[in-house]
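S.K.: Mind having a look at this structure? Questions to follow.
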Number of protein chains: 2
Amino acid sequence: MTGTNEFAADQYELIPAAEIANRIGNLQKRLADDKLDAVLITHNVSILYWTGTMQTGYLFVPAEGEPILYVRRSIERAKQEASIRTIPLGSFSRFGETLRKDYTSLFEGDTPPLIGADLDALPAATYLKLASFVAEAYGDKTLPDRGLSRLIDASPLLRRARMVKSAWEIERIERAAQALEESLAESLPELKEGVTELEWIARVEYGVRRRGHIGVMRLRGYNQEVPTGMVGSGTAAAEPTYFDGPAGGRGLGPAAPQSVSMKRFARNEPILLDLGCCIDGYVIDQTRTAVIGELSDELKEAYKSAEHIIREVEKLMVEGARCSDIYNASLKLAADHGLADHFMGFGADQVRFLGHGIGLEIDEWPVLANGFDMPLEPGMVLAVEPKFTFPGVGVVGIENSYVITAGGTPPRALTRTKEQLFVL
Amino acid sequence: MTGTNEFAADQYELIPAAEIANRIGNLQKRLADDKLDAVLITHNVSILYWTGTMQTGYLFVPAEGEPILYVRRSIERAKQEASIRTIPLGSFSRFGETLRKDYTSLFEGDTPPLIGADLDALPAATYLKLASFVAEAYGDKTLPDRGLSRLIDASPLLRRARMVKSAWEIERIERAAQALEESLAESLPELKEGVTELEWIARVEYGVRRRGHIGVMRLRGYNQEVPTGMVGSGTAAAEPTYFDGPAGGRGLGPAAPQSVSMKRFARNEPILLDLGCCIDGYVIDQTRTAVIGELSDELKEAYKSAEHIIREVEKLMVEGARCSDIYNASLKLAADHGLADHFMGFGADQVRFLGHGIGLEIDEWPVLANGFDMPLEPGMVLAVEPKFTFPGVGVVGIENSYVITAGGTPPRALTRTKEQLFVL
């Protein structure tokens, strides 16, 4: 007991400075390409990604020049963790003046600078203030009231910039995959007839938590939540939910209307184990199907169809392939199996994607969906989840996470759990 | 197995229609008082509170007339859970037309209606779209570009409207308090020298999860997160964090820089157990201090000071008392004990409140702080948390949750765990 109140950064592993330097360099190149003068980053996950610290504040990254992290709290910890210039935010209401002082050349030009921000996450009340500060920094507070706000949405750019993962990041996703596999292996013997979905997921969560799960699963979508995934048995897995996934689960009540319920596992029904955890900030997402007893022939066939689709999709997930093409190929495969109506949800509740990026958040880019015409690049990490929903009966399917490799070779699976129908 | 894909609302307990009717009536009165024509509610917690369902969509509540919940997904489940009129959202890009059709009289007046929204949560990108839809519904899409947006921040009004809890809500907070007490009681024997903070909180979390904890703790503050609270031993509890509370905890790494760490419990150090859980959507928040062995005289005295402050504050927490007065009284008491510098954090990291509202979120109103001059009303529920931070040594303190009662009587404690220094 030293009597100091300093946070000792050696208490845990920091994000390597080289990682941050690469990320900032990549971001600045994108800003220049998109003709943005700077970005103002406000969301904790993005601040972590581009600075190495998650302390609260604002990160300003000019297209050229030195970024600054303005910290509200805790400046002391931020300084130890961040590998970019880190200073106290000071008075928030004078943040416009601060920016003008620190980035004079940017704000003293003939036209106001065009600044992007993470408007997919930033609450509107704070956005309105920041837009007025940016205008004030340029010396014309009336810009926003004249429809001339220069603080614009850069969230697509910021999402694209995080799609390709470094080896350091992929190692962390694999740590999460390992923690989940270990917890699943020790919990599966307790998955028994009569046990509730809630009771069983509590065991899995205990397992991943002791192994370092940070206790939250981060995601970007407004009003979306993930505890650690869902465990859905029989009809409870197949009920419609608000959750933006193929199978949300019944949930515990109107205040938790997805994921596990109080339903007890029964014999001969499909049990969907769609689980994740978050280690060092990085998430894993995987799904296995289990049954106590035996599945009906129809469900066995559907599970085999999921296996077939994921094998075919693996072949397609090569460098340069277009996300939308892969999605459409999966739709065709599901139709060929006669299961188009059951694929990725049922009827009006079908979701229109096959897979999604994972990393610091569970809903990253790219998405295997129409509208995503970007080619796959080495280092992108995607969770691919062909699933079939049978209303009133249940859901079967598989979800593996993969990293895209270079040169036309198939993706490397990051999921550690054996891919099989778990017959208990 | 019935072969139906209908969600059966009898699978779990719904929010009583009378609750929703009271809440909507209260909200409409506040809208009229504040001269707002309507509110457009977008955040999942607020939608749950005012409709009974948490399915995604938008809730429009006019100051006079019938509210409508426009649902994106799942309309089927929303219709079964909500006790107000619930219809499909339809095309989002035509939401302006929809509003004009459903609320013709509101949008066909001489002046555009003034509509509030939850701009403390709504992401700016969606806000910009909704503001243009509102302008379009009035027939003048140029309003926002002329600085005449009629979609304004109503978050203070919406927060005030949720401050007073019904008996039904308080019962749910008490259920959460009971689940936490049971889990704590079964976990305390495992709080031993050499066990890590992480390992021990995992046990507590397992206990509350099996008892119905929904797996997330909701809070409003942007970039704020709470797993289920924090367990902080010795110096790890006293380190500065970004978290907006008196003691955040060291955390597991830069990506989880608060709450538990890998530190092992040691003898004769204070161990702060600041824990919560969420049952039926309602949270409890409580803190106890424990020690394996014995605290130093200085820390024992500080703990007694926390006891004294909470006893005095209980006497002050009566109907009609001003929140800011109670906060300032606590500052004076801490100073009288000679502990002003240690109260509610240390030095630059002190937070400027003594307690906060709890309910569906952990950071509700009112707050026992300056700037909150509102009088306490019966039914308000507050977590009060006098704590003392000793840098390099640890944190001691107490947190109880109370409901304000009528007629000058002291508040009723909702916390179930015995208030004592737990000597293990």
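S.K.: Spot the failing condition for B:K192; the list is (1) crowded, with 21+ Cβ neighbours inside 10 Å; (2) of a type in the set (K, R); (3) more than 9 Å from chain A (Cβ to nearest Cβ), and only one is missed.
M.R.: Of (1) crowded, with 21+ Cβ neighbours inside 10 Å; (2) of a type in the set (K, R); (3) more than 9 Å from chain A (Cβ to nearest Cβ), only one is false for B:K192: (1).
S.K.: OK, next. For the stretch A:190-240, what are the residues that are within 24 Å of the chain's Cα centre (by Cα) and of a type in the set (G, A, S)?
M.R.: Within the stretch A:190-240, A:A202, A:G207, A:G212, A:G215, A:G221, A:G229, A:G232, A:A237, A:A238 qualify.
S.K.: Scan (1) without any contact (Cβ under 8 Å) to a residue 60 or more places away in the chain; (2) part of a helix (DSSP H, G or I) for the single condition A:V71 breaks and write down its number.
M.R.: The single condition A:V71 does not satisfy is (2).
S.K.: OK, next. With the requirement that a residue be more than 14 Å from every other protein chain (Cβ to nearest Cβ), charged (D, E, K, R) and farther than 13 Å from A:L40 by Cβ, what does the stretch A:100-121 give you?
M.R.: Matches in the stretch A:100-121: A:R100, A:K101, A:E108, A:D110.
S.K.: Related question: Among the numbered criteria (1) facing another protein chain (nearest Cβ under 8 Å); (2) at pLDDT 95 or above; (3) touching a Lys or Arg at 6+ places or on another chain (Cβ under 9 Å), which one does A:I15 miss?
M.R.: Among (1) facing another protein chain (nearest Cβ under 8 Å); (2) at pLDDT 95 or above; (3) touching a Lys or Arg at 6+ places or on another chain (Cβ under 9 Å), the lone unmet condition for A:I15 is (3).
S.K.: Same structure again: Go through (1) away from every other protein chain (no Cβ under 14 Å); (2) at pLDDT 95 or above one by one and return the number of the condition A:G90 breaks.
M.R.: In the conditions (1) away from every other protein chain (no Cβ under 14 Å); (2) at pLDDT 95 or above, A:G90 misses (1) alone.
S.K.: Tell me, please, whether a residue that is of a type outside the set (A, V, I, L, M, F, W, C) and either in contact with a Cys (Cβ under 8 Å, 6 or more places away or on another chain) or not assigned by TED's automatic domain parsing to the domain that holds B:A238 (or both) can be found in the stretch B:357-368.
M.R.: Checking the stretch B:357-368: at least one residue is of a type outside the set (A, V, I, L, M, F, W, C) and either in contact with a Cys (Cβ under 8 Å, 6 or more places away or on another chain) or not assigned by TED's automatic domain parsing to the domain that holds B:A238 (or both).
S.K.: Considering each residue of the stretch A:144-188, count those that are β-branched (V, I, T) and under 30 Å from A:G96 (Cβ atoms), and give that number.
M.R.: So the answer is 1.
S.K.: Limited to the stretch B:53-107, what total is found for residues that are touching a Phe, Trp or Tyr at 6+ places or on another chain (Cβ under 7 Å), within 21 Å of B:P16 (Cβ to Cβ) and among the polar types (S, T, N, Q)?
M.R.: 2
S.K.: Take the residues in the stretch A:323-349 that are touching a residue at least 40 places away in the same chain (Cβ under 8 Å) and not in a helix (DSSP H, G or I); name whichever of them is farthest from A:M163 (Cα to Cα).
M.R.: Checked the stretch A:323-349; the qualifying residue farthest from A:M163 (Cα to Cα) is A:L339.
S.K.: What number goes with the only condition from (1) modelled with pLDDT of 95 or more; (2) within 13 Å of chain A (Cβ to nearest Cβ); (3) over 25 Å from B:A137 (Cβ atoms) that B:E6 does not pass?
M.R.: (1)
S.K.: Name the residue that is surrounded by the most Cβ atoms within 10 Å (Cβ to Cβ), counting only residues in the stretch B:143-157 that are within 12 Å of chain A (Cβ to nearest Cβ), of a type outside the set (S, T, Y) and under 24 Å from B:L376 (Cβ atoms).
M.R.: Checked the stretch B:143-157; the qualifying residue surrounded by the most Cβ atoms within 10 Å (Cβ to Cβ) is B:A154.
S.K.: Considering only residues of the stretch A:386-414 that are hydroxyl-bearing (S, T, Y) and surrounded by fewer than 24 Cβ atoms within 10 Å (Cβ to Cβ), which is nearest to A:A335 (Cα to Cα)?
M.R.: The qualifying residue nearest to A:A335 (Cα to Cα) is A:Y402.
S.K.: From the list B:L272, B:L333, B:L299, exactly one residue is over 30 Å from B:M54 (Cβ atoms) and touching a Pro at 6+ places or on another chain (Cβ under 8 Å). Which is it?
M.R.: On inspection, the qualifying residue turns out to be B:L299.
Let's see how each residue does on (1) of a type in the set (V, I, T); (2) buried (at least 24 other Cβ atoms within 10 Å of the Cβ); (3) in contact with a Ser or Thr (Cβ under 8 Å, 6 or more places away or on another chain):
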residue	(1), (2), (3)
A:C277	no, yes, yes
A:Y282	no, yes, no
A:Q286	no, yes, yes
A:I292	yes, no, no
A:L295	no, no, no
A:L316	no, no, no
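S.K.: Is it the case that some residue within the stretch A:375-398 is among the aromatic types (F, W, Y) and within 14 Å of chain B (Cβ to nearest Cβ)?
M.R.: So far as the stretch A:375-398 goes, yes, one or more of its residues are among the aromatic types (F, W, Y) and within 14 Å of chain B (Cβ to nearest Cβ).
S.K.: Next question, about the same structure. Identify the single condition in (1) at pLDDT below 95; (2) within 8 Å of chain B (Cβ to nearest Cβ) that A:G248 does not satisfy, given that it satisfies every other one.
M.R.: (2)
S.K.: Of all residues in the stretch A:195-207, which are more than 9 Å from chain B (Cβ to nearest Cβ) and buried (at least 22 other Cβ atoms within 10 Å of the Cβ)?
M.R.: Across the stretch A:195-207, the qualifying residues are A:E197, A:W200, A:V204.
S.K.: Can you pull out every residue in the stretch A:164-189 that is among the polar types (S, T, N, Q) and either more than 11 Å from chain B (Cβ to nearest Cβ) or under 17 Å from the mean Cα position of the chain (by Cα) (or both)?
M.R.: A:S166, A:Q178, A:S187
S.K.: Could you identify the single residue in A:L128, A:L59 that is hydrophobic (A, V, I, L, M, F, W, C), surrounded by fewer than 23 Cβ atoms within 10 Å (Cβ to Cβ) and either facing another protein chain (nearest Cβ under 8 Å) or part of a strand (DSSP E or B) (or both)?
M.R.: Answer to the check: A:L128.
S.K.: Determine if the stretch A:253-266 includes at least one residue that is crowded, with 24+ Cβ neighbours inside 10 Å, charged (D, E, K, R) and in the same structural domain as A:K418 (by TED's automatic domain parsing).
M.R.: The answer is no; no qualifying residue exists.
S.K.: A:A383: under 16 Å from A:I170 (Cβ atoms), of a type in the set (A, V, I, L, M, F, W, C), surrounded by fewer than 16 Cβ atoms within 10 Å (Cβ to Cβ) and touching a residue at least 60 places away in the same chain (Cβ under 8 Å), yes or no?
M.R.: no
S.K.: Quick test for you: out of A:E169, A:E193, A:E182, A:E186, pick the one residue that is assigned to a helix (DSSP H, G or I), touching a strand residue (DSSP E or B) at 6+ places or on another chain (Cβ under 9 Å) and of a type in the set (D, E, K, R).
M.R.: A:E169
S.K.: Also, I was wondering about something else. Exactly one condition in (1) within 15 Å of A:P123 (Cα to Cα); (2) crowded, with 21+ Cβ neighbours inside 10 Å; (3) touching a residue at least 40 places away in the same chain (Cβ under 8 Å) is false for B:L106; which is it?
M.R.: (1)
S.K.: Restricting to the stretch A:393-408, give me the number of residues that are modelled with pLDDT of 95 or more, more than 25 Å from the chain's Cα centre (by Cα) and farther than 25 Å from A:E190 by Cα.
M.R.: Qualifying residue count for the region: 0.
Residue-wise test of (1) farther than 19 Å from B:I279 by Cα; (2) out of contact with any helix residue (DSSP H, G or I) (no Cβ under 6 Å at 6 or more places or on another chain).
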| position | (1), (2) |
| --- | --- |
| A:P227 | no, yes |
| A:V231 | no, no |
| A:A237 | yes, yes |
| A:G245 | yes, yes |
| A:G253 | no, yes |
| A:R267 | yes, yes |
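S.K.: Pick from A:A237, A:A161, A:A256: which is more than 11 Å from chain B (Cβ to nearest Cβ), under 30 Å from B:L119 (Cβ atoms) and among the small types (G, A, S)?
M.R.: From the options A:A237, A:A161, A:A256, the qualifying one is A:A161.
S.K.: Okay, next question. Say whether the condition of being over 22 Å from B:R160 (Cα atoms), surrounded by 21 or more Cβ atoms within 10 Å (Cβ to Cβ) and at pLDDT 95 or above is met by at least one residue in the stretch B:417-424.
M.R.: Yes; the residues of the stretch B:417-424 include at least one that is over 22 Å from B:R160 (Cα atoms), surrounded by 21 or more Cβ atoms within 10 Å (Cβ to Cβ) and at pLDDT 95 or above.
The values are calculated or read from the model by the stated rules, or taken from the named source; none is laboratory data. Nothing here was measured: the structure is a model prediction, and the numbers come from that model. Please note: Cβ atoms are built from the backbone with ideal geometry, for glycine as well, and neighbour counts cover all protein chains shown.
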